[in-house]
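**Q** Below are the structure tokens for one structure; questions will follow.
The values are calculated or read from the model by the stated rules, or taken from the named source; none is laboratory data. Just so you know, these numbers come straight off a predicted model, no measurement behind them. As a convention, Cβ positions derive from the backbone with ideal geometry for all residues, glycine included, and neighbour counts pool all protein chains shown.
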Amino acid sequence: MKRTLPRTALRRVSGLVLGAALIVSLTGCGAAQGATELDPDAQVRLEMWTGQTDQAQKVLEELVAEYEADHPNVTIEVSAGASSTEDLLQKLSAGFAGNKYPDISYAFGSWAGQLESSGRTLDITDQVAEADVKWDEFSASARATAQPTGTKTIGFPAIVDNLSLIYNKTVFDGAGVDYPTSDWSWEDFRSAAKQLTDASTETYGYAYSVSGSEETTWQFWPHFWQNGGTILSDDSTKSEIASTAGVDALTNLRDMAIDDKSIYLDQTDTKFAQLFASDRIGMITSGPWQLVDFKTAGTDYGVVQLPGTDGDHQTVSGADIWALFDHKDKNREYWAFEFTKWLTDAAQDERWNVKVGNLPLRSSEVDSDAFKEQVVTYPGLDVMAENMVNAEQPRPTIPGYVGLSEAIGSAISNVLQGQGDPKSALEKAATIADKALND
């Protein structure tokens, strides 16, 4: 989960380290009034915080320069924005207070609700409804992340990913176990994990984080959703994590960890991938950021969608966004939208996300030559791209999710390490989560 400024192999689902209090509602105390009527030919200067360094930053700078050349009246000051992606939220909050914030900023999806509640975001709902935006080409979870309360659209998807099942062919071959298939159930998964586990060689069938971080929590959501679980009540004031769906999902994991002893319990969030790469773990549930490391290590791996429950193969996606901000200036608003729309069009996305090894943002890119070339380099990316259809719902983006995630992450960690039973642990977590949701 740890992430500095992004490189492809690092996870994109963090960003829960800062509390909701960092961003307060500032509606009504915005920036000084700019242009009140749109003049598309007026000189405009925009500021963009990318949250990127290295190759991804260089590619974005090249794209910005290209856009400026095609639109001579538009200047875009582009920078990483902060020393680490996590620091962007704090910098945005400080900027809101001092009326010094960008027009466009990369943002973790988990921040979306906080950003909307600041009163500083643009609402581009009407614009993205236009046919040429092709909004439906973004996955359902990515669209929902950009629409945190369902009433406003505060930006465009920036990066998408999902959890898929990655399996180590060397470990499977050594144990004489058939490779996973796309129609596997969790019963099939458990059976294989048990057969792959060998205490004499310290080889495990599966691995799971018990750090209590968001890594612990987001790995749990597919199990929970496939059992019919709903994370929040309709009014988002109470958690539903202690429901039958939650108890059943955690019980299944507990039985694998305690009874079968087939799960490597990772306290670090990082060691399990290293052990997988060195042929000590048979299966992990992870995403595209891992494939670079496995390619480098020479690991013989395969990828399929997650096992399912009664044919339901839902996964979880860590979509991030390009958030757009309001400076009370029609010209800046217009060009911030136009540039971000251009940046996330398929032609440009193939030159940024696809080029640096991420999944394509849009469904129309899956058959592109650019993505096919990446699949040759990193086998399994195509399966992960296809798996985006199983990312049917986003993690909650409301501020209270931070506390909810910490509570359920702690509960899962304790149960998998033999401390408490699933029902009691989740009921205790729900009590803590409900307080966080209502603070």
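**Q** Which condition number in (1) over 21 Å from the mean Cα position of the chain (by Cα); (2) surrounded by fewer than 24 Cβ atoms within 10 Å (Cβ to Cβ) is the one that Trp289 fails?
**A** Evaluating Trp289 over (1) over 21 Å from the mean Cα position of the chain (by Cα); (2) surrounded by fewer than 24 Cβ atoms within 10 Å (Cβ to Cβ) leaves (1) as the failure.
Every residue, every condition in (1) of a type in the set (Lys, Arg); (2) more than 16 Å from Gln393 (Cα to Cα); (3) in contact with a Cys (Cβ under 7 Å, 6 or more places away or on another chain), yes or no:
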{"site": "Gln290", "(1), (2), (3)": "no, yes, no"}
{"site": "Asp293", "(1), (2), (3)": "no, yes, no"}
{"site": "Ala297", "(1), (2), (3)": "no, yes, no"}
{"site": "Gly302", "(1), (2), (3)": "no, yes, no"}
{"site": "His313", "(1), (2), (3)": "no, no, no"}
{"site": "Gly318", "(1), (2), (3)": "no, no, no"}
{"site": "Leu324", "(1), (2), (3)": "no, yes, no"}
{"site": "His327", "(1), (2), (3)": "no, yes, no"}
{"site": "Lys330", "(1), (2), (3)": "yes, yes, no"}
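This table checks each residue for (1) out of contact with any strand residue (DSSP E or B) (no Cβ under 9 Å at 6 or more places or on another chain); (2) over 28 Å from Gly308 (Cβ atoms).
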site: Gln393; (1), (2): yes, no
site: Pro396; (1), (2): no, no
site: Pro422; (1), (2): yes, no
site: Asn438; (1), (2): yes, yes
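**Q** Then there's this: For segment 95-137, which residues satisfy the criterion of being within 27 Å of Asp235 (Cβ to Cβ) and touching a strand residue (DSSP E or B) at 6+ places or on another chain (Cβ under 7 Å)?
**A** Those that are within 27 Å of Asp235 (Cβ to Cβ) and touching a strand residue (DSSP E or B) at 6+ places or on another chain (Cβ under 7 Å): Ala107, Phe108, Gly109, Ala112, Leu115, Arg120, Thr121, Leu122, Ile124.
**Q** Taking the stated definitions as given, is Gly212 crowded, with 17+ Cβ neighbours inside 10 Å, farther than 30 Å from Ala347 by Cα, free of Cβ contacts under 8 Å to residues at least 24 places away in the same chain and out of contact with any strand residue (DSSP E or B) (no Cβ under 8 Å at 6 or more places or on another chain)?
**A** no
**Q** Among the candidates Thr201, Thr181, which residue alone is closer than 18 Å to Asp300 by Cα, β-branched (Val, Ile, Thr) and surrounded by fewer than 23 Cβ atoms within 10 Å (Cβ to Cβ)?
**A** Selected residue: Thr181, the only one of Thr201, Thr181 that is closer than 18 Å to Asp300 by Cα, β-branched (Val, Ile, Thr) and surrounded by fewer than 23 Cβ atoms within 10 Å (Cβ to Cβ).
**Q** Among the candidates Asp87, Asp103, which residue alone is within 21 Å of Pro157 (Cα to Cα), modelled with pLDDT under 95, among the charged types (D, E, K, R) and within 25 Å of the chain's Cα centre (by Cα)? Write out each step before concluding.
**A** Values: Asp103 fails: modelled with pLDDT under 95.
From the options Asp87, Asp103, the qualifying one is Asp87.
**Q** Then there is this: Restricting attention to segment 356-406, which residues are within 30 Å of Gly246 (Cβ to Cβ), charged (D, E, K, R) and assigned to a helix (DSSP H, G or I)?
**A** Listed by number, the residues that qualify are Glu386, Glu406.
**Q** Taking segment 353-364 only, how many residues are surrounded by fewer than 21 Cβ atoms within 10 Å (Cβ to Cβ) and under 21 Å from Lys295 (Cβ atoms)?
**A** Of the residues in segment 353-364, 2 are surrounded by fewer than 21 Cβ atoms within 10 Å (Cβ to Cβ) and under 21 Å from Lys295 (Cβ atoms).
Conditions (1) modelled with pLDDT of 95 or more; (2) more than 30 Å from Gln290 (Cβ to Cβ); (3) acidic (Asp, Glu); (4) not in a loop (DSSP other than H, G, I, E, B), marked per residue:
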position: Met1; (1), (2), (3), (4): no, no, no, no
position: Leu5; (1), (2), (3), (4): no, no, no, no
position: Arg11; (1), (2), (3), (4): no, no, no, no
position: Leu26; (1), (2), (3), (4): no, yes, no, no
position: Ala32; (1), (2), (3), (4): no, yes, no, no
position: Ala65; (1), (2), (3), (4): yes, yes, no, yes
position: Glu77; (1), (2), (3), (4): yes, yes, yes, yes
